[in-house]
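The values are calculated or read from the model by the stated rules, or taken from the named source; none is laboratory data. Just so we're clear, the structure is a prediction, and the values are computed from it rather than from any experiment. Reconstructed Cβ throughout: ideal geometry from the backbone, glycine too, with neighbour counts over all protein chains shown. Ligands, DNA and RNA are stripped out before the accessible areas are found, and what is left, the full protein with its side chains, is counted by its heavy atoms. Shrake-Rupley method; radii C 1.70, N 1.55, O 1.52, S 1.80 Å.
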Number of protein chains: 2
Amino acid sequence: MLYEPKIGMSIDELDTPALLLDLDAFERNIDTMAAFFADKAAVLRPHSKTHKCPEVARRQLAAGALGITCAKVSEAEVMADAGVSDILIANQIVGAIKIDRLTDLAARCDLMVAVDNPGNVQDLSAACLAKGVTLGILVEVDTGMQRCGVRSAEDALALARLVAQAPGLEFKGLQGYEGHLVHTLDPDERAAGVRQALGLLKATKALIEMHDIPVPTISGGGTGTYDLSGTLPPMTEIQAGSYVFMDAKYVQVRPEFENSLIVLSTVLSRPVPERIVTDAGLKVMPPDFGWPKLLGYAAEIAGLSEEHAKQVAPEPASVPLQPGDRVQFIPSHCCTAVNLQDRLYVVRERVLVDIWPIAARGCAQ
Amino acid sequence: MLYEPKIGMSIDELDTPALLLDLDAFERNIDTMAAFFADKAAVLRPHSKTHKCPEVARRQLAAGALGITCAKVSEAEVMADAGVSDILIANQIVGAIKIDRLTDLAARCDLMVAVDNPGNVQDLSAACLAKGVTLGILVEVDTGMQRCGVRSAEDALALARLVAQAPGLEFKGLQGYEGHLVHTLDPDERAAGVRQALGLLKATKALIEMHDIPVPTISGGGTGTYDLSGTLPPMTEIQAGSYVFMDAKYVQVRPEFENSLIVLSTVLSRPVPERIVTDAGLKVMPPDFGWPKLLGYAAEIAGLSEEHAKQVAPEPASVPLQPGDRVQFIPSHCCTAVNLQDRLYVVRERVLVDIWPIAARGCAQ
């Protein structure tokens, strides 16, 4: 008999490991974020790198999101295929092959992309011109993350001027992502950091507008900082992604969102009373931000191997798990855990109510 | 124009990130391992958790491997679909849903599985009996890895007796995987550890055979220990997997195999002379065993984010990389890097000669 999960099944009938989405918690997360942005000047442009799932994007848009943020061209292709019409690819798209894919995509949706160097601007312009398409451009400013982006208002101005004059390109504004602050636990430290990051964006916008180039869009922010970036000038759109699922790390920073993403796993062995071995390891719950969190039992993860998690129970008698029992984990990083699965098993009150394809899973190009 | 890699392309025409297989190095690895086992009593049963790729399995079998080792039932289903007829699932398969899939699989290939507790033996026997299939059983012995497995010869004997009497099951022998030693750098320390691990298996085999239960198979070993486990009694088959690809970690332990698995990546940005940002991050090169290794440039990885690697060049002038340039990385752990990709781009002398589907990618159930 072929194993085939059916809507209406109990989660007890699902094979493991399985990635569950707690639909009630997910819907509350969507609603909480939508309610926050309902009366703000900035709008939400949620990042699809977290979920890679057109159905999640559809629900974010239905709840008021302006459009979608993507990390990669291949991810944006999947979202456009699913009908998303307004997409920001929040990274530099470099090289002839990728620019060819990008400009094809620009022909079928409203598309923006980030730039941080003049050669790339010229390449993008030439490709857009050749295909007769227009591409929106955000000049990325490094507000402290020290990854990509220009590092001064003057450099941003120079690039903005180049973009404004480049055929096929439309200068839309700036991008500044305060990724170095999204996991900062202390609210005061986080707020101070965000104010500083936004200060550079504010000065950059002022300088560019002084040169008669309008800066309608300033995009950035994340789940850790949405309430700051989303209310302070000059941000106009916020790229938060993780709020829909949360994870063991992020929920410490933003307790107003709930863990909706759960790894369902089975106990394989309890070879000694202190040790419980379960069937999901590195290939299901990457430990980017520490070990996943085991729910409901007084046992600590002692290690992950590819296909196993090893738990140690300091007081074995208090942990009645035996082979065949089911346990649940919260991954430490939702984005990489989702990127390992082909489908989300959507559950409400322990019943499978839907299966959502993670259609952009693995879309790293 | 749809992006579609074509056989005969230069790797310069491949979009990135892409997972390349250097076919010459891969074939040498296959040959080196086959030559080693050609005159040994033990045989090779390579682990497909590393490659998840039926074409790799086919080549391993063509080079003399006895059969294939799998980590999971879903992985074994893919290998059986591809025509592999002799499979060991080297883990405990627990719970009604999984056992149902397992016993279906037993109807269409020679199948063995590991056990380490009596309740699981009873469940497997009942399921085999109900379906009229026979399942080979290895009793797993913990030889020091402290994951699954019984911990004494006496416990192994008790389980072997139970298996030998259980309808639908055939006691085939023992499994003992010295996973705690496969990355040990010092050869003497590694050898001493392996001898100790094999000592327990030897004593266990002797005890079980003293009770008139033959122990024809003893399976274990890995790429780090194949030359020890593969030549010392009592091992009869070796489950090495990583030798086909190798990675930045394993090549330090076993320099006789070559790195054949390469991540092709593009420079996205060089915002300051010291910093080079490339387009493959956590979602392509998981840092299970440290950072991936950048080939050919004097720059150190300073961090991975989901979609980026950040390199720092202590002497910027000696690293002439600019946006659009291609670089190559060796992942730190081949098994989890492969599990993120749908295909291997097979190259010989920088030309794409084949594309192999990683058909069991994501098969964690």
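What to note about this one:
- Of the solvent-accessible surface of region B:168-290, computed with a 1.4 Å probe over protein heavy atoms with every protein chain present, carbon and sulfur atoms account for 54 percent.
- Amide proton proximity set for A:R343, modelled H, under 5 Å, gap of 5+: A:I358
- Using all pairs of distinct alpha-carbon atoms, the Kirkwood hydrodynamic radius of chain B works out to 21.7 angstrom.
- Accessible area of chain B divided out per residue, in Å², using a probe of 1.4 angstrom: 35
- Per-peptide average of other Cβ atoms within 10 Å, ordering A:312-325, B:254-267 highest first: B:254-267, A:312-325
- Selection from B:A299, B:L340, B:I355, by position along the positive dipole direction of chain B (Cβ): B:L340
- For region A:98-137, the Rg and Dmax computed from alpha carbons only, in angstrom: 9.1, 26
- Drop in accessible area of at least 40 Å² in the complex versus isolated chain, residues of region A:1-41, 1.4 Å probe: A:M1, A:Y3, A:D15, A:P17
- Distant-in-sequence amide H partners of A:G303 (H built 1.01 Å from N, under 5 Å): A:K310
- Long-range HN-HN contacts of A:D354 with modeled amide H, under 5 Å: A:V346
- Label points for A:D325 are taken 7 Å from Cα along Cα→Cβ. From this copy to the others they lie 5.6 nm apart, shortest first.
- Measuring nothing but protein heavy atoms, the accessible surface of region B:82-150 at 1.4 Å probe radius is 49 percent carbon and sulfur.
- Point-to-point label distance, A:E209-A:A96, nm (Cα→Cβ direction, 7 Å offset): 4.1
- Our estimate of slack between A:S318 and A:D12, defined as 0.36 nm per intervening residue step minus the Cα-Cα distance, is 107.9 nm.
- Inter-copy separations for A:G119, label at 7 Å along Cα-Cβ, nm, ascending: 6.2
- Degrees between helix A:187-210 axis and first principal axis of chain A (Cα, 0 to 90, nearest 10): 20
- Computed magnitude of the charge dipole of the protein assembly as shown (debye, nearest 20; Cβ of K, R +1, Cβ of D, E -1): 140
- Summing both sides, the accessible surface hidden between A and B at a 1.4 Å probe radius is close to 5000 Å².
- Where labels lie 7 Å past Cα in the beta-carbon direction, separation of B:E154 and B:Y297 in nm: 6.1
- Whole-Å semi-axes of the ellipsoid equivalent to region B:197-342 (Cα gyration tensor, √5λ, descending): 44, 13, 11
- Seen against the Cα atoms of chain B and their longest principal axis, helix B:96-106 is set at about 90 degrees.
- Estimated purely from DSSP H runs of n ≥ 4, each contributing -39500 (n - 2.57), the mean residue ellipticity at 222 nm for the protein assembly as shown is -9000 deg cm²/dmol once divided by its residues.
- Rounded to the nearest 10 Å², the accessible area of A:Y177 at probe 1.4 Å: 60
- With the label put 7 angstrom out from Cα along the Cα-to-Cβ vector, B:D188 ends up 5.7 nm from the copy partners, going from closest to farthest.
- Compared with its chain on its own, region A:68-98 contains the following residues whose accessible area drops by 50 Å² or more in the full protein assembly (probe 1.4 Å; ligands, DNA and RNA excluded): A:K72, A:V94, A:I97.
- Residue pairs, from the table B:K202/B:K249; A:K172/A:K202; A:K49/B:K52, whose Cα atoms sit over 19 Å apart: B:K202/B:K249; A:K49/B:K52
- Legend: residues B:H308, A:H180, B:H183, sorted from most to least accessible area (1.4 Å probe; ligands, DNA and RNA excluded), read A:H180, B:H183, B:H308.
- Considering only beta bridges that DSSP places wholly inside the protein assembly as shown, some 45 percent are antiparallel.
- Largest first, the extents of the alpha carbon coordinates of the protein assembly as shown on the three principal axes equal 92, 55, 42 Å.
- List of region A:272-287 residues, accessible area with partners at least 40 Å² below that of the chain alone (1.4 Å probe): A:R275, A:L282, A:K283
- Each 5 Å bin from zero up to the one holding the largest Cα-Cα distance in region A:305-365 carries the following percent of pairs: 4, 11, 15, 21, 18, 14, 9, 4, 2, 0.
- Simple spin-label estimate for B:E274 and B:D325 in nanometres, 7 Å along Cα-Cβ: 1.8
- Residue and distance (whole Å) for the chain B Cβ nearest the axis that superposes B on A: B:P286, 3
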